[in-house]
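Below is one structure, written out as structure tokens, with a few remarks after it.
What follows is calculated from the coordinates using simple rules that are stated; it is not laboratory data. What you see is a predicted model, and the numbers here were worked out from it, not measured in a lab. For neighbour counting, all protein chains shown are included, and Cβ atoms are generated from backbone atoms with ideal geometry for every residue, glycine included.
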Amino acid sequence: MSDPLGLAIDRAAGARPIAGNTLDHHPDSAVALATMLADIAAARRWIHLENYIIRDDHTGRRFADVLAERAAAKVRVRVLYDALGSIGTSHRFWRRLRQAGVAVRAFHPLLSLHPLEVLKRDHRKLLVTDGRTAMTGGLCIGDEWAGDPARGRQPWRDTMVRVCGPAVTALDAAFGRLWLRAGDPLPDDELDADPAECGTSPVRVVAGAPARAHIYRSVQLLAASAAERLWITDAYLLAPPPLYAALLDAAKAGVDVRLLVPGASDLPVLRNFTRVGYRDLLRAGVRVYEWQGPMLHAKTLLVDRRWARVGSSNLNVSSLLTNYELDLIAECEELSEALAAQFRRDLAYSREIVLEPRRLKLPPRLVPAPAVPQGQERAVAHKRSGYEMGAVAVVALRRVAGGLRRAIAWTAALICAGVGALLLAFPRVMSITLAVVAFWLALSFGLFAMQRRRARRADDAA
């Protein structure tokens with residue numbers, strides 16, 4: 001019997017369901033990193049590692065050590081990193097990997113002859129070992145995700161999924177396509193693992209690419225299809241208006257729509273723009289929560305009890321339309337329930353934003369508390385893992401919006417003052433800078449127009 005919604009998602013996502021997989025949920029960043037290191041150490045044929053950020057810090061060097069050890073053991077090791085996301089990583093770090101026998105490529109170097117390509121970033125996070133196991137999600141390779149318990153630094157909250165089964169082949173193929181864009185293709189024997197079925201979960205591997213909108217269309221369709229619940233966790237929410245409209249329409253139709261975003265962000269300006277959309281969401285009935293722990297970097301979406309989406313893409317224009325992203329859309333009850341349980345745990349360490357204040361006493365300050373192992377929450381009810389809180393924290397929108405207006409105003413004031421000061425102090429240099437920017441934009445638009453003209457001629461000839 002045909003499934004109209006499933007067929008529609010196939011077309012929107014540009015991906016068909018792949019059956020026979022096991023999907024393991026990893027909501028603890030430190031544990032996910034340890035699992036990735038273990039998978040790398042166990043590899044015998046090849047390792048494909050692709051990530052937006054690979055830092056030259058303690059965590060990055062741990063990965064470098066294991067990768068170098070595997071390369072010395074004659075395992076074929078390939079690392080693909082984004083040139084912008086990993087811009088702070090030293091040349092010495094990459095040189096050491098290459099000297100150890102690791103094939104390393106930078107995706108879209110910033111000094112590119114094609115200016116428009118600079119805007120297209122590889123935001124994927126993927127590890128494939130031997131073509132049989134894979135991990136993907138939102139986690140980058142750096143100390144932020146590992147944390148430092150000795151110094152009281154908690155890891156960022158992120159989500160990864162470990163995949164075993166035939167879907168690994170599709171994930172490896174996605175790596176191969178971007179590896180080709182950065183240089184020569186993969187050898188054929190690195191794409192022929194053909195892993196056997198090891199579970200029962202069907203999953204779609206959605207490989208987002210610039211201007212393809214596969215992730216955008218599939219997320220919008222999933223949101224529009226929600227009948228009972230639509231729970232979203234997102235790190236950098238700045239969704240296009242049609243996607244916001246889908247959330248509003250779902251809430252007005254009585255769907256339980258909940259949105260969890262960071263309370264404190266590594267990109268404060270983006271967080272402030274996220275808050276601009278709160279009022280319309282709240283008026284429509286969407287429940288909005290701000291996480292009060294360390295940075296919330298997860299990207300998940302739950303629709304009813306059928307669909308679960310986990311991946312690298314945030315609900316903003318760059319992820320949905322200009323970046324290379326990688327998402328999983330799964331029809332897996334176990335994964336859905338695991339994500340739902342984690343969502344509820346996250347809400348316990350969040351504050352809800354409401355239009356009007358309720359008669360609940362707000363904690364004066366959120367104080368870090370020792371982490372509590374999962375499953376032991378009741379045994380230590382007087383302490384909540386991550387951050388101690390009293391009753392459910394609720395804060396009025398006007399309190400948040402007041403800080404938002406001040407932040408935007410101060411940011412605009414500082415930018416304008418800085419530009420004015422530079423123009424006064426260095427009029428010649430600034431005029432040259434503006435001229436270079438103008439010519440660079442002219443070149444970009446000219447190249448774009450030429451590409452579109454060639455594409456149209458090719459279509460006409462066909």
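L127: net charge of surrounding residues, Cβ under 13 Å, Lys/Arg +1, Asp/Glu -1, itself excluded? The partial results should precede the final answer.
Values: positive: R70, R78, R124, K125, R132, R162; negative: D39, E50, D130, D172.
Within the 13 Å Cβ shell, the charges total +2.
Which net charge results when you count Lys and Arg as +1 and Asp and Glu as -1 among the other residues whose beta-carbon is under 12 Å from that of R44?
Values: positive: R45, R70, K74, R76, R132; negative: D39, D130.
It works out to a net charge of +3.
Report the FRET efficiency, 1/(1 + (r/R0)^6), for V437 and A340, where r is their Cβ-Cβ distance and R0 is 30 Å, rounded to 0.05.
Values: r = 47 Å, r/R0 = 1.58.
My answer for the efficiency is 0.05.
Okay, which of segment 123-156 sit inside 14 Å, backbone N to the point 7 Å along the Cα-Cβ direction of D194?
none
Suppose each label sits 7 Å from its Cα in the direction of the beta carbon; what would the D65-E333 distance come out to in nanometres?
4.4
Could you check the simple spin-label distance between L180 and L321, using points 7 Å along Cα→Cβ, in nm with one decimal?
Here the answer is 2.7 nm between the modelled labels.
How large is Rg/Rh for segment 18-208, to two decimals, with Cα atoms and a Kirkwood Rh? The partial results should precede the final answer.
Numbers: Rg = 16.1 Å, Rh = 16.9 Å.
Using Cα coordinates only, the ratio equals 0.95.
Sorted by packing (mean other beta-carbon atoms within 10 Å per residue), highest first, where do 123-133, 242-252, 138-148 land? Present the calculation step by step, with values, prior to reporting the outcome.
Working: 123-133: 24.1, 242-252: 18.5, 138-148: 22.5.
Top of the packing list down: 123-133, 138-148, 242-252.
May I ask you to derive the FRET efficiency for A253 and Q99 from their Cβ-Cβ distance with R0 = 56 Å, giving the value to the nearest 0.05?
On the way: r = 59 Å, r/R0 = 1.05.
According to the calculation, E is roughly 0.40.
If we count every other residue with Cβ under 12 angstrom of F175's Cβ, Lys/Arg +1 and Asp/Glu -1, where does the sum land?
On the way: positive: R78, R105, R124, K125, R177, R181; negative: E50, D122, D172, E190.
Net of charged neighbours comes to +2.
Give the Debye-formula value of log10 I(q)/I(0) at each listed q (0.19, 0.27, 0.28, 0.29 Å⁻¹), with one equal scatterer per alpha carbon of segment 19-76, two decimals each.
Those come out to -0.79, -1.23, -1.26, -1.28, one per q.
Using the Cα atoms as the points, what is the convex hull volume per residue of segment 209-309 in Å³? Write out the running numbers ahead of the final one.
Values: hull volume 10.3 nm³, N = 101.
Normalising the Cα hull of segment 209-309 by residue number yields 102 Å³.
Could you give the length gained by full extension between D3 and A213, i.e. 0.36 nm per residue of separation minus their alpha carbon distance, to one decimal place? Display every interim value, and only then the final one.
Details: separation 210, 0.36 × 210 = 75.60 nm, distance 2.25 nm.
Extra length available between D3 and A213 comes to 73.4 nm.
Full extension from D304 to A173: what is 0.36 nm times the residue separation minus their Cα-Cα distance, to one decimal in nm?
Roughly 44.1 nm would be gained on extension.
What full-extension length gain, to one decimal in nm, is calculated for H114 and A72 as 0.36 nm per residue of separation minus the Cα-Cα distance? Please list the in-between numbers first.
Values: separation 42, 0.36 × 42 = 15.12 nm, distance 3.64 nm.
Using 0.36 nm per residue and subtracting the Cα-Cα distance, I get 11.5 nm.
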